[in-house]
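Notes follow the structure.
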Amino acid sequence: MHENYINGEWVGASEVNRNLNPSDTRDVVGEYARGDDAQARQAIDAASDALETWVTWTSEARADALDRIGDRILADKQQLGELLAREEGKPLTEAVGEVTRAGRVFKFFAGEAIRFGGEFLPSVRPGVSVEVSREPVGVVGVITPWNFPIAIPAWKIAPALAYGNSVVFKPADLVPGCAWALASIIDEVGGLPKGVFNLVMGPGSKVGNALVSSPRVNAITFTGSSETGRRIAAECAVRGAKFQLEMGGKNPLVVLDDADLELAVSTAINGAFFSTGQRCTSSSRLIVEKGIHDSFVKRMREATQALKVGNALHPDTQIGPVASQAQLDQDLSYIEGAKRSGCRLEAGGERLSLEAPGYYLTPALFSQTRNDMPINREEVFGPVATVIQAEDYEHALALANDTIYGLSSGICTQSLARATHFKRHSGAGMVMVNLPTAGVDYHVPFGGRKGSSYGPREQGSYAKEFFTNVKTSYTLAQGV
Ligand code: UN1
């Protein structure tokens with residue numbers, strides 16, 4: 001059995017979670033300890049007690065630890081990628097890409113541990129100087145989703161450690177294997193003081209609640225559903241804990257008449273369907289200007305039908321299964337709803353039976369959809385994309401911004417003027433020109449607006465805004 005990691009020790013539990021390979025549900029990926037309130041409390045206490053030792057480490061020693069973890073992730077990327085593909089269902093090349101990103105994130109934050117600093121300012125008062133410094137926040141609860149089971153934990157855990165915090169990590173219940181593998185690497189090569197990093201696997205309802213409600217947890221960084229995010233926000237706001245939320249998206253990709261058609265189609269295919277559409281940054285609304293509309297839909301239909309759906313571990317697979325039965329049911333119910341409301345199904349949207357029992361669904365492309373339909377208002381989180389026809393650029397921009405979300409947006413155009421206007425007027429936190437709305441760099445800020453995100457940005461050196469507290473110190477030097 002794979003155990004939880006608390007105070008530098010591997011600790012068993014009375015119950016286990018058996019997780020299944022979504023490409024072949026006969027394959028049990030492993031048996032993982034289920035955490036509970038008591039283990040969560042032990043981990044929180046260990047993380048809190050560890051801070052005293054952890055702050056005595058030099059930034060260089062912290063940097064070296066992060067570097068070792070990053071190097072090991074990169075060295076093991078093939079093996080970790082296989083585990084990720086087997087456990088979550090994204091195709092192997094994407095899985096190895098995700099692991100590579102995670103390794104790079106640790107190495108980036110190794111540099112950050114040394115680089116980040118404060119400010120020294122003159123005061124408005126004579127003889128006084130002002131220092132603005134940054135201190136660790138303390139114990140950080142890291143709560144992560146199943147869709148990027150290595151990269152998202154990495155981009156929360158690495159900055160938390162770089163800036164001197166301790167961590168209790170609660171991964172999504174569907175992907176304990178990836179979390180356990182990451183914890184094993186941190187245990188083996190991190191050399192961190194006991195209790196600085198802890199892993200307590202779900203059930204999320206118990207362990208997540210324990211983290212969010214504990215007065216000893218100073219900050220919660222969360223990526224997941226809007227519903228859970230709102231509950232975390234309410235509880236953290238009441239008890240005065242810091243929180244950072246990354247939630248849903250309903251990301252528009254605008255295709256203008258002057259776009260390069262082939263590039264627009266490949267951009268839309270990647271953005272909408274890669275990672276089986278299970279990204280909060282997926283390009284789920286394709287907003288297409290009327291002059292290019294018919295040829296775009298035709299080429300998109302052909303390209304969607306040509307996608308190879310299959311076992312995530314097979315080398316020729318482009319689209320893996322969806323991650324779980326619950327996700328499959330949700331996707332199918334949105335597809336049925338769209339059909340009932342008169343949208344035209346151009347391709348896919350069908351349950352696929354292959355030799356292995358898995359959660360296979362052919363990527364669904366709808367045309368003749370309206371922006372006010374549930375399929376265009378709500379996040380599906382599956383391989384489902386819609387085309388919405390726009391009269392002109394202004395109409396397309398208005399449709400793009402007409403959403404409760406604001407994570408990412410994109411535009412395909414050869415006009416620099418239009419691209420520049422769109423970058424300025426898009427209501428999303430991230431804007432892509434001639435690129436899919438998904439697929440971000442690891443060294444620049446990541447985050448959205450409106451219902452998508454709350455709190456300071458993740459990633460890059462902007463991450464310090466969340467993972468440190470600012471202190472302003474005034475000094476009147478005497479006898480100078
Ligand atoms: C990406 O698009 O490269 O949960 C990353 C998600 C996002 C990560 C997307 N937080 O899908």
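The values are calculated or read from the model by the stated rules, or taken from the named source; none is laboratory data. Worth saying up front: this structure is predicted, and the values here are computed from it rather than measured. Note: ideal-geometry Cβ built from the backbone for every residue, glycine included; neighbour counts use all protein chains shown.
Of note:
- Among the candidates 263, 286, the residue that is surrounded by fewer than 24 Cβ atoms within 10 Å (Cβ to Cβ) and outside the structural domain of residue 219 (by TED's automatic domain parsing) is uniquely 263.
- Identity of the residue in region 3-32, surrounded by 22 or more Cβ atoms within 10 Å (Cβ to Cβ) and in contact with a Ser or Thr (Cβ under 9 Å, 6 or more places away or on another chain), that ends up nearest to residue 190 (Cα to Cα): 5
- Enumeration of residues in region 11-49 that are closer than 30 Å to residue 313 by Cα and of a type in the set (A, V, I, L, M, F, W, C): 16, 20, 28, 29, 33
- Search result, residues across region 355-390 that are free of Cβ contacts under 8 Å to residues at least 12 places away in the same chain and closer than 22 Å to residue 85 by Cα: 355
- Checklist (1) touching a Pro at 6+ places or on another chain (Cβ under 6 Å); (2) away from the ligand (no atom under 15 Å from the Cβ) applied to residue 266, failing item: (1)
- The criterion of at least 3 residues that are touching an Asp or Glu at 6+ places or on another chain (Cβ under 8 Å) and buried (at least 22 other Cβ atoms within 10 Å of the Cβ) is met, among strands (runs of 3 or more DSSP E) falling completely within region 153-225, by 219-223.
- In region 115-128 there is at least one residue that is crowded, with 18+ Cβ neighbours inside 10 Å, away from the ligand (no atom under 16 Å from the Cβ) and assigned by TED's automatic domain parsing to the domain that holds residue 102.
- Each residue in region 432-463 was checked for being more than 12 Å from residue 244 (Cα to Cα) and of a type in the set (Lys, Arg), and 2 pass.
Okay, residues lined up against (1) within 16 Å of the ligand (Cβ to nearest atom); (2) closer than 30 Å to residue 426 by Cα; (3) in the same structural domain as residue 376 (by TED's automatic domain parsing); (4) of a type in the set (S, T, N, Q):
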{"site": "192", "(1), (2), (3), (4)": "no, no, no, no"}
{"site": "198", "(1), (2), (3), (4)": "no, no, no, yes"}
{"site": "211", "(1), (2), (3), (4)": "no, no, no, no"}
{"site": "219", "(1), (2), (3), (4)": "no, no, no, no"}
{"site": "232", "(1), (2), (3), (4)": "yes, yes, no, no"}
{"site": "237", "(1), (2), (3), (4)": "no, yes, no, no"}
{"site": "240", "(1), (2), (3), (4)": "no, no, no, no"}
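- Enumeration of residues in region 265-323 that are of a type in the set (Val, Ile, Thr) and in contact (Cβ under 8 Å) with a residue 40 or more places away in the chain: 267, 276, 281, 287, 288, 297, 304, 309, 317, 319, 322
- Residue match in region 73-86 (condition: in contact with a Phe, Trp or Tyr (Cβ under 8 Å, 6 or more places away or on another chain) and assigned by TED's automatic domain parsing to the domain that holds residue 156): yes
- Restricted to helices (runs of 4 or more DSSP H) entirely inside region 269-378, those with at least 1 residues that are farther than 25 Å from residue 398 by Cβ are 290-305, 325-340.
- Among the residues of region 73-92, the ones that are part of a helix (DSSP H, G or I), in contact (Cβ under 8 Å) with a residue 60 or more places away in the chain and surrounded by fewer than 20 Cβ atoms within 10 Å (Cβ to Cβ) come to 1 in all.
- Restricting region 252-263 to residues that are more than 16 Å from residue 395 (Cα to Cα) and out of contact with any Cys (no Cβ under 6 Å at 6 or more places or on another chain), the residue that is nearest to the ligand (Cβ to nearest atom): 263
- Scanning region 444-471 for residues that are loosely packed, with under 15 Cβ neighbours inside 10 Å and either at pLDDT below 95 or not assigned by TED's automatic domain parsing to the domain that holds residue 136 (or both) turns up just one, 444.
- Checking region 133-142 against the condition returns no match, with no residue being within 16 Å of the ligand (Cβ to nearest atom) and free of Cβ contacts under 8 Å to residues at least 24 places away in the same chain.
- Residue under evaluation residue 246, criteria (1) touching a residue at least 12 places away in the same chain (Cβ under 8 Å); (2) over 30 Å from residue 208 (Cα atoms), criterion not met: (2)
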